[in-house]
Structures are given as C-alpha cells and as structure tokens.
Number of protein chains: 2
Amino acid sequence: MNHRAGCIFCKIADGKAPSEIVYQDDTIVAFRDINPGAPVHVIIIPRIHISSLTEVTTKHRELMGHLIEVANEIAKAEGIAERGYRLIANCGQDGRQVVPHIHFHLLGGQQLPNKLD
Amino acid sequence: MNHRAGCIFCKIADGKAPSEIVYQDDTIVAFRDINPGAPVHVIIIPRIHISSLTEVTTKHRELMGHLIEVANEIAKAEGIAERGYRLIANCGQDGRQVVPHIHFHLLGGQQLPNKLD
C-alpha cells in the first residue's frame, strides 16, 4: 500500500491512529470528522496516499468513482440520503486543504447553509 | 442519450440552452455558473440525466471518476490548479441542490472562505 510517513490520514487508514471509522473496504476508508461542521460529518479518503485533487489522473478514475459511490452509501447508512447532503473536496491553498491526503467531506443531518463557497 | 424534458442542464448539454462551455467530451459537459461565487466557478455535469448523488450506483463509477478527473483538468486549464480550488456537490433539500441534474461546482481563483458548510 502506498502510504506516506507522517500522514495522519494514512495512519488512520492503517488503523495506527484513532478514529471512528464508519466505512472501509479495500480501497476506501471513511471516518467521522473530529471537529464536525454538521450533525453528520464524515471524511472519505482513498487508502493510497494521493496528496490532492491536482494529482488525480486517468489511473485514479475507478478509485474516484468508487469514492463518490461510497459517499452515497454512507449517506444512506447515516440516514441522510433522502433529506440530502453535501460533498466537499478542498484542494491546495486557495481551497484551504488542511491535510495533504485527498479527502471528501460528507456533510448532512441538517439544512446546510445556502453558501457554495 | 438519456435526457429529461424540461431539465435546463440536459438542454445545456444538448446545446439547446445558452451557456459558456469550458469543456466537453462524450460523457461530461462543463460550463460557467451564471451567478459565480468565485472568480472561477464552473459547473460540471454528466451528459446523461442523473437527478442527484443519491441515484449514483456502481454502474456510474467510471462516469463519476471521469468527472473528478475532468474537474482537475479544467482547474489546470483555468490556471487555478496550483493555487488550489474547491469541489462541491449539493444533494437534495438539506444540501440545497437547486437543479435536479447531478452537478459539481468547481470554485477557485481566490482564497476561498474557511467554511466547510
């Protein structure tokens, strides 16, 4: 598995850092955000270390598609699929990406603010 | 092509409604948001009509993965990949999805607000 030393999300994916995991399979891990921005706030990551969206290429197509599919499965499992949710991926400095391991935020459980940015 | 009558995004994808298209291929179309929330604000959609993220299943894996890959290609073409950007997909009522045709917002060109929700 392509992990990066010192990456907290790699450690979580590897079970070497504590987290409340809500979903995992061979390629994807999802866990609750420790500082949730909504009643449901799950972080969804690929197990392999990809630093950011800017590193995504054709070879990651299956993985990224599976991640989106998993997001919806988690929303269903969390009971928020019907009422709706939001997926957000921050990339780089302007996007205020905090952890340099590609991740999608799944937010729901309340009416989310009417802001895109 | 699986289009839905009356869907504005289906019409844009079909070239039957005006839009400033920035990218298109066999399966994906991207165009500028008419009410941009950032200097760069592009809407990325699949050509086929999928109402929302809740309808995404395994059969859409390739399509969704390609969409994420395309988002990054557009970010590069718009000159915002290096500084960073944000991808947002709103789903359903709680997510404040406005147009019932699955779409991702690509936002960048400035430091985006430090808000996830």
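The values are calculated or read from the model by the stated rules, or taken from the named source; none is laboratory data. Here the structure is a predicted model, which means the values were calculated and not measured. Ideal geometry is used to build each Cβ from the backbone, glycine not excepted, and the neighbour counts take in all protein chains shown. Note: accessible area is taken over every heavy atom of the protein model, side chains too, but ligands, DNA and RNA are not part of it. Shrake-Rupley method; radii C 1.70, N 1.55, O 1.52, S 1.80 Å.
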Q) How many residues does segment A:12-28 contain that are part of a strand (DSSP E or B) and either open to solvent by 60 Å² or more (accessible area, probe 1.4 Å) or over 24 Å from A:Arg61 (Cβ atoms) (or both)? A) 4
Q. Quick one: which of B:Arg96, B:Arg86, B:Arg47 is within 7 Å of chain A (Cβ to nearest Cβ) and open to solvent by 10 Å² or more (accessible area, probe 1.4 Å)?
A. B:Arg96
Q | Entirely in segment B:29-117, the strands (runs of 3 or more DSSP E) that have 1 or more residues that are β-branched (Val, Ile, Thr) and within 15 Å of the chain's Cα centre (by Cα) | A | B:40-46, B:85-91
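Have a look at B:Arg96, B:Arg61, B:Arg4, B:Arg32 and point out the one that is in contact with a His (Cβ under 8 Å, 6 or more places away or on another chain), under 29 Å from A:Ile80 (Cβ atoms) and without any contact (Cβ under 8 Å) to a residue 60 or more places away in the chain. Let's see the steps before the verdict.
Details: B:Arg96 fails: in contact with a His (Cβ under 8 Å, 6 or more places away or on another chain); B:Arg4 fails: without any contact (Cβ under 8 Å) to a residue 60 or more places away in the chain; B:Arg32 fails: under 29 Å from A:Ile80 (Cβ atoms).
Checking each option against the conditions leaves just B:Arg61.
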Q. Looking at B:Asn35, is it within 10 Å of chain A (Cβ to nearest Cβ), open to solvent by less than 40 Å² (accessible area, probe 1.4 Å), of a type outside the set (Asp, Glu) and touching a strand residue (DSSP E or B) at 6+ places or on another chain (Cβ under 9 Å)?
A. no
